[in-house]
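The values are calculated or read from the model by the stated rules, or taken from the named source; none is laboratory data. Source: prediction; values computed, not measured. Methodologically, a virtual Cβ is constructed for each residue, glycine included, from the backbone with ideal geometry; neighbour enumeration extends over all protein chains shown.
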Amino acid sequence: MTARIIGRKLKQMSRIGTMATNSDSDLEGEVIRSFISLESLDPNIFRAPKENLWHPSRSRFIFGGQVVGQALVAACNTVSPDHLVHSLHCYFLRGGNSNWPILYHVDRTRDGETYASRSVKATQDGKAIFTMQSSFKTDEKQVYRYTMDMPKVKGPEEYLDANEILKMRLEVEGSAIKKEWEHYLAEELKILIRPTDPRLFFKQKDGEPRRLFWMKTDGVIGDDNKLHQCVAAYMSDFSLLGTALQPGGPNFETRFMTSLDHTLWFHNPFRVDEWMLYESFSPHAGNGKALVLGRVWKQDGTLAMSVAQEGVVRNTPVSKM
């Protein structure tokens with residue numbers, strides 16, 4: 001699916017989405033697409049309109065995962081249909097903002113029969129804000145294979161959505177958490193998150209730096225494997241650095257937090273509109289930085305992706321009255 005086709009389908013869905021109830025799920029999927037849709041300006045240059053950039057409330061910059069997903073869309077539009085991304089390595093150079101469009105410049109580094117490589121640079125207002133190296137591969141059958149075991153947790157139907165949990169807390173605790181979490185309820189993420197330990201997830205208690213939650217898109221995405229990979233890249237950055245905050249829990253206040261680099265490895269085909277378990281853990285935090293590693297599992301126990309990210313994390317102890 002090219003960037004222009006994505007944009008065209010968005011316009012079509014905006015016209016027909018309310019005509020039939022069976023299209024509601026597809027419409028939600030189109031909202032997800034809007035976060036990573038691009039305009040093609042040249043075979044190697046793509047543009048993200050500023051109107052489509054998501055700037056989370058209480059954040060200085062646009063969402064880093066959106067930049068990763070859009071950069072991957074740009075790269076995917078320059079490789080053959082039978083090449084799927086198997087890894088990408090990113091650096092966030094400057095915080096992006098929603099006042100300027102983003103231009104994605106693709107360098108077609110190498111095209112081989114099995115592997116292809118692409119380099120992507122994202123710029124805003126003439127300045128580089130992000131770079132990505134990505135590698136693509138054709139399907140290859142191999143008898144030898146193994147994988148780790150998926151963590152043993154209950155299925156997604158046994159847990160509540162994060163939004164539902166926050167609404168319940170607002171009813172009970174009222175203004176005590178309204179300022180801190182009201183912005184979360186207002187965000188149009190269109191991603192369903194079901195944490196296995198909500199109190200740890202929302203910093204109501206401290207605990208080990210390990211996080212488990214089920215996630216999926218709120219809506220059907222379609223059957224394009226590359227599109228599922230691009231949306232997964234967008235989703236992979238959500239709540240990842242939060243894992244490193246869990247040992248401090250409510251005893252520390254986060255003054256500043258942002259991604260420095262981000263790496264993904266894609267292992268097996270998957271669908272982002274089906275439930276997947278996101279497992280993350282942080283082996284180290286200190287000196288204003290934190291490292292977080294992650295794995296994303298399909299419900300049947302298949303390892304879909306591996307993730308690594310280092311980010312700036314600056315915390316201060318909460319003063320006791």
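Could you pull out the residue among VAL120, VAL143 that is in a strand (DSSP E or B) and at negative phi? Quick ask: steps written out before the conclusion?
Numbers: VAL143 fails: in a strand (DSSP E or B).
Residue meeting the stated conditions: VAL120.
Only one of the numbered conditions (1) modelled with pLDDT under 95; (2) polar (S, T, N, Q); (3) farther than 27 Å from HIS55 by Cβ is violated by THR258, and that is (3).
Could you tell me which of the residues TYR91, TYR104, TYR115 is at pLDDT 95 or above, surrounded by fewer than 20 Cβ atoms within 10 Å (Cβ to Cβ) and within 27 Å of PHE256 (Cβ to Cβ)?
Details: TYR104 fails: surrounded by fewer than 20 Cβ atoms within 10 Å (Cβ to Cβ); TYR115 fails: within 27 Å of PHE256 (Cβ to Cβ).
Matching residue, one of TYR91, TYR104, TYR115: TYR91.
The residues of the stretch 52-82 that are more than 16 Å from ASN225 (Cβ to Cβ) and at pLDDT 95 or above, listed by number, are VAL67, VAL68, GLN70, ALA71, ALA74, THR78.
Within the stretch 236-250, residues that are within 14 Å of ASP261 (Cβ to Cβ) sit with their Cβ atoms under 8 Å from residues that are at pLDDT below 95 and surrounded by fewer than 20 Cβ atoms within 10 Å (Cβ to Cβ), at 6+ positions apart or across chains, in these pairs: LEU241/MET257.
Taking the stretch 24-42 only, how many residues are under 23 Å from GLY64 (Cα atoms), touching a helix residue (DSSP H, G or I) at 6+ places or on another chain (Cβ under 7 Å) and either modelled with pLDDT of 75 or more or surrounded by fewer than 23 Cβ atoms within 10 Å (Cβ to Cβ) (or both)? So that I can check it myself, show each step before the final result.
So in the stretch 24-42, the residues under 23 Å from GLY64 (Cα atoms) come out as 28-41.
Okay, now just the ones that are also touching a helix residue (DSSP H, G or I) at 6+ places or on another chain (Cβ under 7 Å), so 30, 32-40.
Going one step further and asking which of them are either modelled with pLDDT of 75 or more or surrounded by fewer than 23 Cβ atoms within 10 Å (Cβ to Cβ) (or both), we end up with 34-40.
Summing the residues that are under 23 Å from GLY64 (Cα atoms), touching a helix residue (DSSP H, G or I) at 6+ places or on another chain (Cβ under 7 Å) and either modelled with pLDDT of 75 or more or surrounded by fewer than 23 Cβ atoms within 10 Å (Cβ to Cβ) (or both) in the stretch 24-42 gives 7.
Restricting attention to the stretch 122-146, the residues that are surrounded by 12 or more Cβ atoms within 10 Å (Cβ to Cβ) and within 20 Å of GLN229 (Cβ to Cβ) add up to 10.
For the stretch 182-209, filtering for residues that are surrounded by 19 or more Cβ atoms within 10 Å (Cβ to Cβ) and either modelled with pLDDT under 80 or of a type in the set (Val, Ile, Thr) (or both) leaves 3. Has the stretch 294-308 got any residue that is modelled with pLDDT of 95 or more, more than 22 Å from PRO151 (Cβ to Cβ) and surrounded by fewer than 20 Cβ atoms within 10 Å (Cβ to Cβ)? No, because not a single residue in the stretch 294-308 is modelled with pLDDT of 95 or more, more than 22 Å from PRO151 (Cβ to Cβ) and surrounded by fewer than 20 Cβ atoms within 10 Å (Cβ to Cβ).
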